[in-house]
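The values are calculated or read from the model by the stated rules, or taken from the named source; none is laboratory data. Source: prediction; values computed, not measured. All Cβ positions, even for glycine, are placed from backbone atoms using ideal geometry, and neighbour counts span all protein chains on display.
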Number of protein chains: 2
Amino acid sequence: MNPKINAFTVETLSKLENPGLLLLSMNKAGKSNVMTIGWGLVGTFWRMPVFMVAVRPTRYTHEFIEESNEFTVNVPADGMDEIVQHCGTISGRKVDKIKEYNLTLEMAKKIKVPVIKQCKIHYECKVVHKLQVTPKLVPPDIKQELYPKSDYHTLYFGEILTVY
Amino acid sequence: MNPKINAFTVETLSKLENPGLLLLSMNKAGKSNVMTIGWGLVGTFWRMPVFMVAVRPTRYTHEFIEESNEFTVNVPADGMDEIVQHCGTISGRKVDKIKEYNLTLEMAKKIKVPVIKQCKIHYECKVVHKLQVTPKLVPPDIKQELYPKSDYHTLYFGEILTVY
């Protein structure tokens, strides 16, 4: 993997589960939405640096990524834990989380979806593949714990176009 | 992500593309096979530490993982570049690469598939999910370059049970 991208991996993965990362997406009308993610995979696929994120089809973000095929992953700076926690519990359909938390959106370098200025690391990603979690291949305990509503995740494989 | 696992990530991802990592699998008869991988994703999924590997259905390794649902990923030590390069070009159906290169297999701690003693880092993984690359969602240039034989990868999501 590109050494520059790889250098960010430890901090990214260590913050992934706690407090979480901020996934930013935009719909075709140009509206942005933010959600917190606690899962994700980073590495190389199809010779590209890739960030894989998982989004349930019921999420507002799902609609947005389907429309734009792009997203940014933003690694929060210290002191942003409360924001990250809240962005994981409220839907963007009900509240404009970006406005509510005074998050500043900045133009990305390679895609239309912006990045969050207050964050420390920014990944700009273009969706190169997507797959649906296959219900019949989900272990029974995971199914019971994570999919009581059968809203199986879409896995978006995003080519990392740049990170900084 | 578990700090212990995360600490190994930089070295693992930096060796992934060059020279590559060694993926070890075992069939139900207890025979092991090794192949070189240049792609893979590491992170958290379903609250588990996960190593995702991609194996074409035509590969000997594919048959082995399908039979055992386990694999180990072994990060080569310095000086193993030649072995890694060769293990990526010959099929285990034709040559016993483990014997040919005097690789020493050691009992893993949590699974039946062994690890390669000469390597530096060992991931023991249990398959928790698998997905098939979806041909109609593969970008045309990737399709042409990587799938002229239509042998689309199976993506194995392995829970990292331990790493050392």
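Among the numbered criteria (1) within 14 Å of chain A (Cβ to nearest Cβ); (2) in a loop (DSSP other than H, G, I, E, B); (3) crowded, with 21+ Cβ neighbours inside 10 Å, which single criterion is violated by B:Cys119?
(1)
Out of (1) surrounded by fewer than 22 Cβ atoms within 10 Å (Cβ to Cβ); (2) more than 9 Å from chain A (Cβ to nearest Cβ); (3) not acidic (Asp, Glu), what's the single condition that is false for B:Asn2?
That leaves (2) as the condition not met.
Pick out, from region A:7-111, the strands (runs of 3 or more DSSP E) lying fully within it that include 3 or more residues that are more than 14 Å from every other protein chain (Cβ to nearest Cβ) and either at pLDDT below 95 or surrounded by fewer than 22 Cβ atoms within 10 Å (Cβ to Cβ) (or both).
Ranges flagged: none.
Which of the residues spanning region B:9-27 are within 16 Å of the chain's Cα centre (by Cα) and among the hydrophobic types (A, V, I, L, M, F, W, C)?
Across region B:9-27, the qualifying residues are B:Leu13, B:Leu16, B:Leu21, B:Leu22, B:Leu23, B:Leu24, B:Met26.
Given the condition crowded, with 18+ Cβ neighbours inside 10 Å and among the aromatic types (Phe, Trp, Tyr), answer yes or no: does some residue in region B:136-158 qualify?
Yes, because at least one residue in region B:136-158 is crowded, with 18+ Cβ neighbours inside 10 Å and among the aromatic types (Phe, Trp, Tyr).
If we scan region B:78-100, do we find a residue that is in contact with a strand residue (DSSP E or B) (Cβ under 8 Å, 6 or more places away or on another chain) and among the basic types (Lys, Arg)?
yes
Which of the following residues is in contact (Cβ under 8 Å) with a residue 60 or more places away in the chain and in contact with a Cys (Cβ under 6 Å, 6 or more places away or on another chain): B:Lys112, B:Lys97?
B:Lys97
Within region B:137-148, is there a residue that is within 21 Å of A:Leu137 (Cα to Cα) and modelled with pLDDT of 95 or more?
Yes - at least one qualifying residue is present in region B:137-148.
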